[in-house]
Amino acid sequence: MTLRPILIHPDPRLKKECAPVPAITDDIRILAEDMLETMYDAPGVGLAAPQVGVMSRVIVMDCVKDPEAPPRPMVLVNPEITWASEALNVYEEGCLSIPEQYAEVERPAQVRVRWLGLDGEVHEETFDGLWATCVQHEIDHLNGKLFIDYLKPLKRQMITRKMEKLKRERARA
Ligand code: K1U
Ligand code: ZN
């Protein structure tokens, strides 16, 4: 397993739509393993392939909060939202591509998602709580959308400027 570097906003790859995965191959299995390792190491509760520079529709997540509970690493290939609740939920979101910046985002409280698993089978499940927020945040990444795109332009611009500064500092170090 390999830790892959996480792209930091602004980066044109984080603004592009990703391509569907035509079949589960060894490359996809390796990508998924690397993404899970990268997510746990960060640490984060989710990660989308474009965040590691791969423009394919693959996300991973594990939103188990209880440190005593067993982990639940999930890999979702070609995920699609098939139903979203009318009820909304506000969550203070973060993003591994926008380090140390958090903001409240309103999204459907529950979503039903269909995806292709690494076992080659189609799966469908209803998510709520942090799982629902996270899966929507990760699917947004596959469509080139970031959580800051839900914010007012001034706030978004402020965060983008901070990230530009962070990238300049990291490039000098
Ligand atoms: O996609 C990403 O950038 C990962 C992101 C997912 C996410 C977080 C919160 C709400 C929606 C989506 C993160 O994992 S940010 C880090 C984070 O939330 C976290 C880190 C350590 C422990 C618990 C949470
Ligand atoms: Zn993110």
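The values are calculated or read from the model by the stated rules, or taken from the named source; none is laboratory data. Because the structure is a prediction, the values reported are computed rather than measured. Here the Cβ positions follow ideal geometry from the backbone for every residue, glycine too, while neighbour counts run over all protein chains shown. Areas reflect the complete protein model, heavy atoms only, side chains present, ligands, DNA and RNA absent. Shrake-Rupley method; radii C 1.70, N 1.55, O 1.52, S 1.80 Å.
The residue list D27, D41 contains one member that is within 16 Å of ligand 2 (Cβ to nearest atom) and at pLDDT 95 or above, which is D41.
Has segment 105-113 got any residue that is of a type in the set (G, A, S), surrounded by 14 or more Cβ atoms within 10 Å (Cβ to Cβ) and either within 16 Å of ligand 2 (Cβ to nearest atom) or closer than 19 Å to D62 by Cβ (or both)?
No, because not a single residue in segment 105-113 is of a type in the set (G, A, S), surrounded by 14 or more Cβ atoms within 10 Å (Cβ to Cβ) and either within 16 Å of ligand 2 (Cβ to nearest atom) or closer than 19 Å to D62 by Cβ (or both).
The combined condition, being within 12 Å of ligand 1 (Cβ to nearest atom) and not in a strand (DSSP E or B), is not fulfilled by E169.
Suppose we filter H141, H137 for residues that are under 23 Å from E33 (Cα atoms), buried (at least 21 other Cβ atoms within 10 Å of the Cβ) and touching a Ser or Thr at 6+ places or on another chain (Cβ under 9 Å); which single one remains? Talk me through it step by step, then tell me what you get.
Working: H137 fails: touching a Ser or Thr at 6+ places or on another chain (Cβ under 9 Å).
The conditions single out H141.
Remark: pairs (first residue in segment 156-173, free of Cβ contacts under 8 Å to residues at least 24 places away in the same chain; second residue assigned to a helix (DSSP H, G or I) and open to solvent by less than 100 Å² (accessible area, probe 1.4 Å); Cβ separation under 6 Å; 6+ apart in sequence or on different chains) = R156/I148. Taking the condition within 14 Å of ligand 1 (Cβ to nearest atom) and either within 23 Å of I6 (Cβ to Cβ) or acidic (D, E) (or both), does M74 pass? When the stated conditions are applied, M74 passes them. The condition (being crowded, with 18+ Cβ neighbours inside 10 Å and closer than 17 Å to P43 by Cβ) is satisfied by just one residue among I159, I98: I98.
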